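The values are calculated or read from the model by the stated rules, or taken from the named source; none is laboratory data. Treat the numbers as computed from the prediction; the structure is a model and nothing was measured. A quick note on method: Cβ atoms are made from the backbone with ideal geometry, for glycine too, and the neighbour counts reach across all protein chains shown.
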Amino acid sequence: MSATQTVTQTQDSVPQTTLHLRPQSGEQKDQEASQEYRYAHLLPAFDTSEHYEPLTPFEHVDPGHRALNHDNPRAFLDNATSVVELTPNLGSEVHGVDLLSLDSNGRDQLALEVARRGLVVFRDQHAFIDAGPESYLEWGRYFGRLHVHPTSGHPQNYPELHLVYRDQNSTFNFEREESITSSLWHSDVSYELQPPGLTTFFLLSQPTTGGDTLFTSQVSTLKKLSPQFVAFLRTLKAVHSGVEQAEFSRSGRRGGIVRREPVEHVHPLIRRHPVTGEEAIYVNRQFTRRIVGLKREESETLLKFLYDHIDKAVDLQARLKWAPGTIAIWDNRITAHSAIVDYGQSKERRHGARITPQAERPIPALDGLDLSA
Ligand SMILES: [Fe+2]
């Protein structure tokens, strides 16, 4: 067993998998397969010597701000062959725009469009995907400081790239054993002091069918609630925790790596987008643990109500069916998403990469809300 291993993992951060070290013959088979695999250089690695200091605060300047002053903030879509709204509340699908060709104005406009639509899907982005990891980093850094995930696999020497991966040799159980569904709505790494904003994700390999991704608008889920109730929610803040995720890795699963000690942070229950000013629900079943100041039963009941609301609001959701060359860009501040693990029996490879710039510390919708615990 070497210090660096390739293992499987889930769409995102919740522990859903068990690491099984393969026998030598299996490793040899993997290596042979990797030599033939076009994206072998982007396979996930777990280096046990990796360790990072705690993240430090930084000032985030959102590129979308600049686009507010453009004559046409949607000019980057002028050459699109089609722009289709996936649903009234969330998501657009774009054909005919090469993301690699966007200059700084185009990228600023993209950030604003993603903030407004929550999710923008770009098809036929083979040039972007094949441009490789240095290009991914350059892309992501334009939008913010790149996040290094504390526990997931990344390509060798590229800790800023978060990977999802499974293949035929992996002894990986995609279903959470005690759950009847794989759906788990979340906003990525919301336990960080400055969670992600504009997030780019694409698949390098995908099963023939299955493995779609669900998205929902947390602006829209908030708008469904009564003004009186929203006024109360605006006064609340919640603890988001990375402890459980880290403990799962420490138990030897999911690569067994904890690169950075887990953190917990308090965020407003309702946050305001820095560019659009829109308010959005900011709690999720994966990382939110309790509402500060409420009794335990009150906190659990209120969070369960909100999670159930988010789960059931299919009129606010979009389902992305991946195709080769597809890139999804979403705004983690105002959306939630869930993997769909319906391909557990498939022997096909599913391999994806996420570029995850951090954004501002969540801004309370209620001015002056004290965010100390
Ligand atoms: Fe995620």
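For residue 321, only one of the following conditions fails: (1) within 16 Å of the ligand (Cβ to nearest atom); (2) at pLDDT 95 or above. What is its number?
(1)
Any chance you could count how many residues in the stretch 101-132 are within 22 Å of residue 160 (Cα to Cα), part of a helix (DSSP H, G or I) and within 18 Å of the chain's Cα centre (by Cα)?
4
Here's a check for you: in the stretch 283-301, which residue that is closer than 26 Å to residue 339 by Cβ and either touching a His at 6+ places or on another chain (Cβ under 6 Å) or free of Cβ contacts under 8 Å to residues at least 12 places away in the same chain (or both) is surrounded by the fewest Cβ atoms within 10 Å (Cβ to Cβ)?
300
Pairs under 6 Å by beta carbon, first residue without any contact (Cβ under 8 Å) to a residue 40 or more places away in the chain in the stretch 244-270, partner assigned to a helix (DSSP H, G or I) and not acidic (Asp, Glu), six or more apart or different chains?
Once the first residue is without any contact (Cβ under 8 Å) to a residue 40 or more places away in the chain and sits in the stretch 244-270, its partners that are assigned to a helix (DSSP H, G or I) and not acidic (Asp, Glu) give 269/233.
With (1) in a helix (DSSP H, G or I); (2) modelled with pLDDT of 95 or more; (3) not small (Gly, Ala, Ser) as the list, and residue 266 as the residue in question, which single condition is left unmet?
(1)
If we keep just the residues of the stretch 113-123 that are in contact (Cβ under 8 Å) with a residue 60 or more places away in the chain and in contact with a Ser or Thr (Cβ under 8 Å, 6 or more places away or on another chain), which is farthest from residue 158 (Cα to Cα)?
Result: 116.
Is at least one residue of the stretch 215-236 within 16 Å of the ligand (Cβ to nearest atom) and at pLDDT below 95?
No, because not a single residue in the stretch 215-236 is within 16 Å of the ligand (Cβ to nearest atom) and at pLDDT below 95.
Filter the stretch 282-301 for residues that are modelled with pLDDT of 95 or more and touching a strand residue (DSSP E or B) at 6+ places or on another chain (Cβ under 6 Å) and give the result.
Answer for the stretch 282-301, where residues must be modelled with pLDDT of 95 or more and touching a strand residue (DSSP E or B) at 6+ places or on another chain (Cβ under 6 Å): 282, 283, 284, 287, 288, 289, 290, 291, 292, 299.
Against the definition (farther than 26 Å from residue 348 by Cα and either at pLDDT 95 or above or surrounded by 14 or more Cβ atoms within 10 Å (Cβ to Cβ) (or both)), how does residue 26 come out, yes or no?
Working: farther than 26 Å from residue 348 by Cα: no; either at pLDDT 95 or above or surrounded by 14 or more Cβ atoms within 10 Å (Cβ to Cβ) (or both): yes.
Judged against the criteria, residue 26 is not a match.
Take the residues in the stretch 329-338 that are under 10 Å from the mean Cα position of the chain (by Cα) and of a type in the set (A, V, I, L, M); name whichever of them is nearest to the ligand (Cβ to nearest atom).
It comes out as 336.
Within the stretch 340-351, count every residue that is surrounded by fewer than 21 Cβ atoms within 10 Å (Cβ to Cβ) and either within 13 Å of the ligand (Cβ to nearest atom) or among the aromatic types (Phe, Trp, Tyr) (or both).
2
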